[in-house]
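Working notes, structure below.
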Amino acid sequence: MSEHARYVHIVDDVPELDALETGPVLIHALEGFLDAGNAAGLAAEHVMSGSAGRVVASFEIDAFYDYRARRPPLTFAEDHYEGYEAPRLVVRLLHDRLGTPYLLMHGPEPDTHWETFAKAVRAVVEAFGVRLTVSLGAVPMAVPHTRPVMLTNHATAPGLIVAENVWRGRIRVPASAQALLELRLGEWGHPAMGFVAHIPHYVAQLDYPSAAASLLEAVEVATGLEWDLGDLETAGEVKLGEIAAQIADSAEVQEVVTGLEQQYDAFHRAEDQDATTLPLAEEGELPSGEELGAEFERFLAGLDRPNEPGE
(Lines give C-alpha, C1' and ligand atoms only; values in the text may rest on other atoms or scores of the structure.)
Protein backbone atom coordinates (compact mmCIF):
# COMPACT_ATOMS: atom_id res chain seq x y z
CA MET A 1 0.00 0.00 0.00
CA SER A 2 1.22 3.52 -0.81
CA GLU A 3 2.71 5.91 1.75
CA HIS A 4 -0.39 8.03 1.24
CA ALA A 5 -2.40 5.36 3.06
CA ARG A 6 -1.10 7.00 6.24
CA TYR A 7 -3.60 9.80 5.64
CA VAL A 8 -6.48 7.33 5.97
CA HIS A 9 -7.14 4.62 8.55
CA ILE A 10 -8.59 1.53 6.87
CA VAL A 11 -10.25 -1.38 8.65
CA ASP A 12 -8.38 -4.56 7.82
CA ASP A 13 -11.16 -7.15 8.02
CA VAL A 14 -14.48 -6.57 6.24
CA PRO A 15 -15.82 -10.06 5.39
CA GLU A 16 -18.93 -8.76 3.62
CA LEU A 17 -16.79 -7.05 1.01
CA ASP A 18 -14.40 -9.97 0.69
CA ALA A 19 -17.37 -12.18 -0.20
CA LEU A 20 -18.37 -10.06 -3.21
CA GLU A 21 -17.40 -11.59 -6.54
CA THR A 22 -16.81 -8.30 -8.36
CA GLY A 23 -15.99 -5.88 -5.53
CA PRO A 24 -18.15 -3.12 -4.05
CA VAL A 25 -19.26 0.22 -5.46
CA LEU A 26 -17.89 3.33 -3.74
CA ILE A 27 -20.24 6.34 -3.84
CA HIS A 28 -18.96 9.72 -2.71
CA ALA A 29 -20.94 12.82 -1.85
CA LEU A 30 -18.84 15.63 -0.41
CA GLU A 31 -20.08 18.82 1.23
CA GLY A 32 -19.02 22.13 -0.26
CA PHE A 33 -18.46 23.52 -3.72
CA LEU A 34 -20.20 20.91 -5.87
CA ASP A 35 -23.49 20.55 -3.98
CA ALA A 36 -26.07 23.16 -5.01
CA GLY A 37 -29.43 22.54 -3.40
CA ASN A 38 -27.68 20.18 -0.97
CA ALA A 39 -28.62 17.48 -3.48
CA ALA A 40 -25.66 15.17 -2.87
CA GLY A 41 -25.90 15.74 0.87
CA LEU A 42 -29.58 14.83 0.88
CA ALA A 43 -28.83 11.72 -1.15
CA ALA A 44 -26.17 10.66 1.37
CA GLU A 45 -28.49 11.35 4.30
CA HIS A 46 -31.22 9.30 2.64
CA VAL A 47 -29.14 6.17 2.12
CA MET A 48 -28.00 6.41 5.75
CA SER A 49 -31.48 7.07 7.12
CA GLY A 50 -32.16 3.43 7.98
CA SER A 51 -28.69 2.74 9.34
CA ALA A 52 -25.49 4.78 9.49
CA GLY A 53 -23.60 1.58 8.82
CA ARG A 54 -20.05 0.93 9.90
CA VAL A 55 -17.09 3.25 9.39
CA VAL A 56 -14.46 1.22 7.53
CA ALA A 57 -12.11 4.06 6.63
CA SER A 58 -11.44 7.46 8.21
CA PHE A 59 -9.31 10.22 6.71
CA GLU A 60 -6.90 12.38 8.71
CA ILE A 61 -9.08 15.46 8.59
CA ASP A 62 -6.33 17.83 9.78
CA ALA A 63 -4.47 17.14 6.54
CA PHE A 64 -7.33 18.35 4.36
CA TYR A 65 -9.53 20.78 6.30
CA ASP A 66 -9.20 24.57 6.54
CA TYR A 67 -10.57 25.31 10.02
CA ARG A 68 -10.45 29.09 9.58
CA ALA A 69 -12.51 28.98 6.38
CA ARG A 70 -15.10 26.54 7.75
CA ARG A 71 -15.06 26.84 11.51
CA PRO A 72 -16.66 23.81 13.23
CA PRO A 73 -19.36 24.60 15.79
CA LEU A 74 -19.13 24.13 19.54
CA THR A 75 -21.25 25.27 22.47
CA PHE A 76 -20.46 27.85 25.15
CA ALA A 77 -22.46 26.82 28.21
CA GLU A 78 -22.52 29.60 30.85
CA ASP A 79 -18.83 29.41 31.77
CA HIS A 80 -17.26 26.66 29.69
CA TYR A 81 -17.01 25.17 26.20
CA GLU A 82 -18.54 21.82 25.29
CA GLY A 83 -20.04 19.85 22.42
CA TYR A 84 -17.32 20.42 19.83
CA GLU A 85 -18.47 18.95 16.51
CA ALA A 86 -15.28 17.89 14.78
CA PRO A 87 -15.49 17.55 10.98
CA ARG A 88 -15.26 13.97 9.72
CA LEU A 89 -14.44 12.54 6.31
CA VAL A 90 -15.19 8.83 6.38
CA VAL A 91 -16.11 5.79 4.32
CA ARG A 92 -19.05 3.74 5.58
CA LEU A 93 -20.15 0.22 4.79
CA LEU A 94 -23.87 0.32 3.95
CA HIS A 95 -26.44 -2.00 2.38
CA ASP A 96 -29.11 -1.24 -0.21
CA ARG A 97 -32.70 -2.43 0.18
CA LEU A 98 -31.79 -5.83 -1.26
CA GLY A 99 -28.96 -6.26 1.23
CA THR A 100 -26.14 -5.62 -1.23
CA PRO A 101 -23.13 -4.05 0.51
CA TYR A 102 -21.55 -0.88 -0.87
CA LEU A 103 -19.38 1.97 0.37
CA LEU A 104 -20.27 5.63 0.93
CA MET A 105 -17.62 8.33 1.37
CA HIS A 106 -19.03 11.53 2.82
CA GLY A 107 -17.92 14.61 4.71
CA PRO A 108 -16.44 18.00 3.80
CA GLU A 109 -14.67 18.40 0.47
CA PRO A 110 -10.94 18.71 1.20
CA ASP A 111 -9.74 22.31 1.19
CA THR A 112 -6.09 21.43 0.69
CA HIS A 113 -3.77 18.63 -0.51
CA TRP A 114 -6.10 17.33 -3.21
CA GLU A 115 -3.44 15.13 -4.77
CA THR A 116 -2.71 13.54 -1.40
CA PHE A 117 -6.44 13.05 -0.85
CA ALA A 118 -6.80 11.35 -4.23
CA LYS A 119 -3.96 8.98 -3.40
CA ALA A 120 -5.50 8.23 0.00
CA VAL A 121 -8.79 7.36 -1.71
CA ARG A 122 -6.82 5.16 -4.09
CA ALA A 123 -5.59 3.26 -1.03
CA VAL A 124 -9.23 2.70 0.00
CA VAL A 125 -10.22 1.61 -3.51
CA GLU A 126 -7.40 -0.91 -3.68
CA ALA A 127 -7.80 -2.15 -0.11
CA PHE A 128 -11.46 -3.04 -0.65
CA GLY A 129 -11.23 -4.03 -4.31
CA VAL A 130 -13.71 -1.34 -5.37
CA ARG A 131 -15.03 -2.10 -8.85
CA LEU A 132 -16.53 1.35 -9.56
CA THR A 133 -16.39 4.77 -7.92
CA VAL A 134 -19.40 7.06 -8.41
CA SER A 135 -19.53 10.75 -7.47
CA LEU A 136 -22.66 12.78 -6.75
CA GLY A 137 -22.78 16.53 -7.27
CA ALA A 138 -25.02 19.45 -8.23
CA VAL A 139 -24.55 22.88 -9.78
CA PRO A 140 -26.85 25.92 -10.11
CA MET A 141 -28.18 26.34 -13.65
CA ALA A 142 -30.73 28.49 -15.45
CA VAL A 143 -33.37 25.76 -15.50
CA PRO A 144 -36.96 25.83 -14.20
CA HIS A 145 -38.19 23.89 -11.17
CA THR A 146 -41.30 22.93 -13.17
CA ARG A 147 -39.40 20.50 -15.41
CA PRO A 148 -37.62 17.18 -14.68
CA VAL A 149 -34.18 17.47 -13.10
CA MET A 150 -31.46 17.32 -15.73
CA LEU A 151 -28.28 15.35 -15.04
CA THR A 152 -24.87 15.48 -16.64
CA ASN A 153 -22.98 12.21 -16.41
CA HIS A 154 -19.24 11.85 -16.80
CA ALA A 155 -16.78 8.98 -16.58
CA THR A 156 -13.23 7.82 -17.10
CA ALA A 157 -14.28 5.67 -20.09
CA PRO A 158 -17.09 6.02 -22.68
CA GLY A 159 -18.54 2.62 -21.77
CA LEU A 160 -19.45 3.89 -18.31
CA ILE A 161 -21.72 6.66 -19.60
CA VAL A 162 -25.34 5.63 -19.03
CA ALA A 163 -27.12 8.35 -21.04
CA GLU A 164 -26.17 10.88 -23.69
CA ASN A 165 -25.64 14.36 -22.29
CA VAL A 166 -27.43 17.29 -23.89
CA TRP A 167 -24.14 19.15 -23.62
CA ARG A 168 -21.60 18.14 -26.28
CA GLY A 169 -19.18 21.02 -26.23
CA ARG A 170 -16.10 21.93 -24.19
CA ILE A 171 -16.05 24.36 -21.30
CA ARG A 172 -13.50 25.37 -18.66
CA VAL A 173 -14.91 25.01 -15.16
CA PRO A 174 -13.51 25.45 -11.65
CA ALA A 175 -11.97 22.23 -10.40
CA SER A 176 -13.20 20.28 -7.39
CA ALA A 177 -11.68 17.53 -5.27
CA GLN A 178 -14.29 15.13 -6.68
CA ALA A 179 -13.41 15.96 -10.27
CA LEU A 180 -9.68 15.59 -9.67
CA LEU A 181 -10.28 12.30 -7.87
CA GLU A 182 -12.16 10.91 -10.88
CA LEU A 183 -9.43 12.09 -13.24
CA ARG A 184 -6.67 10.49 -11.17
CA LEU A 185 -8.56 7.22 -10.64
CA GLY A 186 -8.92 6.91 -14.39
CA GLU A 187 -5.19 7.46 -14.84
CA TRP A 188 -4.50 4.75 -12.26
CA GLY A 189 -6.75 2.26 -14.04
CA HIS A 190 -9.70 2.38 -11.65
CA PRO A 191 -13.14 2.90 -13.29
CA ALA A 192 -14.87 6.05 -12.04
CA MET A 193 -17.93 8.02 -13.04
CA GLY A 194 -20.38 10.51 -11.64
CA PHE A 195 -23.55 12.51 -12.01
CA VAL A 196 -24.13 16.26 -11.63
CA ALA A 197 -27.70 17.51 -11.12
CA HIS A 198 -28.78 20.86 -12.56
CA ILE A 199 -30.44 22.92 -9.81
CA PRO A 200 -32.64 25.96 -10.60
CA HIS A 201 -30.34 28.84 -9.75
CA TYR A 202 -33.05 30.71 -7.85
CA VAL A 203 -33.39 27.90 -5.26
CA ALA A 204 -29.78 26.67 -5.23
CA GLN A 205 -29.32 27.86 -1.64
CA LEU A 206 -32.16 25.67 -0.39
CA ASP A 207 -32.57 21.91 -0.06
CA TYR A 208 -33.77 20.42 -3.34
CA PRO A 209 -34.85 16.81 -2.66
CA SER A 210 -36.03 16.15 -6.23
CA ALA A 211 -32.42 16.39 -7.41
CA ALA A 212 -31.26 13.99 -4.70
CA ALA A 213 -33.84 11.45 -5.87
CA SER A 214 -32.74 11.89 -9.49
CA LEU A 215 -29.09 11.36 -8.54
CA LEU A 216 -29.85 8.12 -6.71
CA GLU A 217 -32.06 6.90 -9.57
CA ALA A 218 -29.10 7.40 -11.90
CA VAL A 219 -26.80 5.49 -9.52
CA GLU A 220 -29.32 2.64 -9.49
CA VAL A 221 -29.13 2.41 -13.28
CA ALA A 222 -25.33 2.58 -13.31
CA THR A 223 -24.61 0.16 -10.47
CA GLY A 224 -27.59 -2.13 -9.91
CA LEU A 225 -27.96 -0.92 -6.32
CA GLU A 226 -31.52 -0.17 -5.20
CA TRP A 227 -33.08 2.13 -2.61
CA ASP A 228 -36.60 3.07 -1.62
CA LEU A 229 -36.77 6.67 -2.78
CA GLY A 230 -40.38 7.33 -1.71
CA ASP A 231 -39.52 9.70 1.14
CA LEU A 232 -37.18 11.75 -1.05
CA GLU A 233 -39.75 11.96 -3.83
CA THR A 234 -42.43 13.08 -1.37
CA ALA A 235 -40.11 15.70 0.09
CA GLY A 236 -39.40 16.90 -3.44
CA GLU A 237 -43.11 17.31 -4.17
CA VAL A 238 -43.58 19.28 -0.95
CA LYS A 239 -40.66 21.58 -1.81
CA LEU A 240 -42.00 22.17 -5.32
CA GLY A 241 -45.36 23.08 -3.80
CA GLU A 242 -43.67 25.61 -1.52
CA ILE A 243 -41.82 27.13 -4.46
CA ALA A 244 -45.02 27.35 -6.51
CA ALA A 245 -46.82 29.08 -3.64
CA GLN A 246 -44.08 31.68 -3.31
CA ILE A 247 -43.88 32.28 -7.05
CA ALA A 248 -47.62 32.94 -7.18
CA ASP A 249 -46.99 36.15 -5.22
CA SER A 250 -44.35 37.50 -7.60
CA ALA A 251 -45.06 38.43 -11.21
CA GLU A 252 -41.36 39.09 -11.79
CA VAL A 253 -40.31 35.61 -10.67
CA GLN A 254 -43.15 34.04 -12.67
CA GLU A 255 -41.82 35.85 -15.74
CA VAL A 256 -38.36 34.38 -15.22
CA VAL A 257 -39.70 30.85 -14.68
CA THR A 258 -41.86 31.10 -17.82
CA GLY A 259 -38.83 32.18 -19.83
CA LEU A 260 -36.78 29.30 -18.43
CA GLU A 261 -39.56 26.85 -19.27
CA GLN A 262 -39.65 28.06 -22.87
CA GLN A 263 -35.88 27.81 -23.12
CA TYR A 264 -35.82 24.33 -21.55
CA ASP A 265 -38.56 23.02 -23.86
CA ALA A 266 -36.96 24.48 -26.97
CA PHE A 267 -33.62 23.00 -26.00
CA HIS A 268 -35.11 19.52 -25.64
CA ARG A 269 -37.13 19.78 -28.86
CA ALA A 270 -33.94 20.32 -30.82
CA GLU A 271 -32.95 16.66 -30.65
CA ASP A 272 -31.95 16.58 -34.30
CA GLN A 273 -29.55 19.49 -33.88
CA ASP A 274 -26.14 19.71 -32.23
CA ALA A 275 -26.51 20.74 -28.58
CA THR A 276 -23.58 23.12 -28.36
CA THR A 277 -24.89 25.44 -25.67
CA LEU A 278 -25.76 24.79 -22.08
CA PRO A 279 -29.24 25.90 -20.95
CA LEU A 280 -28.02 29.21 -19.66
CA ALA A 281 -30.06 32.38 -19.67
CA GLU A 282 -30.50 33.68 -23.23
CA GLU A 283 -30.27 37.28 -24.27
CA GLY A 284 -33.22 39.59 -24.60
CA GLU A 285 -36.42 38.35 -23.02
CA LEU A 286 -35.38 37.49 -19.47
CA PRO A 287 -34.84 40.23 -16.87
CA SER A 288 -31.27 40.54 -15.64
CA GLY A 289 -30.07 39.18 -12.31
CA GLU A 290 -29.64 42.70 -10.97
CA GLU A 291 -33.22 43.62 -11.87
CA LEU A 292 -34.54 40.60 -10.02
CA GLY A 293 -32.05 40.46 -7.14
CA ALA A 294 -34.31 42.05 -4.55
CA GLU A 295 -37.30 40.00 -5.70
CA PHE A 296 -35.36 36.74 -5.39
CA GLU A 297 -34.15 37.71 -1.93
CA ARG A 298 -37.76 38.07 -0.82
CA PHE A 299 -38.61 34.82 -2.61
CA LEU A 300 -35.85 32.87 -0.85
CA ALA A 301 -36.64 34.44 2.50
CA GLY A 302 -40.22 33.26 2.13
CA LEU A 303 -39.15 29.68 1.39
CA ASP A 304 -36.67 29.62 4.26
CA ARG A 305 -39.10 30.99 6.83
CA PRO A 306 -40.25 28.42 9.43
CA ASN A 307 -43.96 27.72 9.39
CA GLU A 308 -46.00 30.00 11.59
CA PRO A 309 -48.02 28.43 14.41
CA GLY A 310 -51.18 26.93 13.02
CA GLU A 311 -49.88 26.66 9.45
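Within this structure, V162 passes the test of being over 26 Å from D62 (Cβ atoms) and touching a helix residue (DSSP H, G or I) at 6+ places or on another chain (Cβ under 7 Å). Kindly establish whether Y84 is at pLDDT 95 or above, more than 30 Å from T234 (Cα to Cα), in a loop (DSSP other than H, G, I, E, B) and more than 22 Å from the chain's Cα centre (by Cα). It is true that Y84 is at pLDDT 95 or above, more than 30 Å from T234 (Cα to Cα), in a loop (DSSP other than H, G, I, E, B) and more than 22 Å from the chain's Cα centre (by Cα).
Being hydroxyl-bearing (S, T, Y) and without any contact (Cβ under 8 Å) to a residue 60 or more places away in the chain is the filter here; which residues of the range 93-130 pass it? Hit for the range 93-130 is T112, nothing else. Please go through the range 75-92 and pick out each residue that is without any contact (Cβ under 8 Å) to a residue 60 or more places away in the chain, open to solvent by less than 60 Å² (accessible area, probe 1.4 Å) and among the β-branched types (V, I, T). The one that is without any contact (Cβ under 8 Å) to a residue 60 or more places away in the chain, open to solvent by less than 60 Å² (accessible area, probe 1.4 Å) and among the β-branched types (V, I, T): V90. Looking only at residues in the range 248-265 that are acidic (D, E) and at pLDDT 85 or above, which one is most open to solvent (accessible area, probe 1.4 Å)? Filtering the range 248-265 for residues that are acidic (D, E) and at pLDDT 85 or above, the one most open to solvent (accessible area, probe 1.4 Å) comes out as E255.
Considering only the range 105-128, I want to know if a residue exists there that is outside any strand (DSSP E or B), open to solvent by 40 Å² or more (accessible area, probe 1.4 Å) and of a type in the set (V, I, T). There is at least one residue in the range 105-128 that is outside any strand (DSSP E or B), open to solvent by 40 Å² or more (accessible area, probe 1.4 Å) and of a type in the set (V, I, T). Among the residues of the range 208-235, those that are crowded, with 17+ Cβ neighbours inside 10 Å and not in a helix (DSSP H, G or I) comprise Y208, L225, W227, L229. Of the candidates L185, L132, L136, L151, the single residue that is open to solvent by 30 Å² or more (accessible area, probe 1.4 Å) and at negative phi is L151.
Results for (1) modelled with pLDDT of 95 or more; (2) in a helix (DSSP H, G or I); (3) surrounded by 11 or more Cβ atoms within 10 Å (Cβ to Cβ), shown as yes or no for each residue.
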| residue | (1), (2), (3) |
| --- | --- |
| H4 | no, yes, yes |
| E16 | no, yes, yes |
| A29 | yes, no, yes |
| A44 | yes, yes, yes |
| V55 | yes, no, yes |
| Y65 | yes, no, yes |
| P73 | yes, no, no |
| R97 | yes, no, yes |
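The values are calculated or read from the model by the stated rules, or taken from the named source; none is laboratory data. All values reported here derive from a predicted model rather than from experimental measurement. Don't worry about glycine lacking a Cβ; one is built from the backbone with ideal geometry, like all the others, and counts go over all protein chains shown. These accessible areas exclude ligands, DNA and RNA; they are computed on the full protein's heavy atoms, side chains included. Shrake-Rupley method; radii C 1.70, N 1.55, O 1.52, S 1.80 Å.
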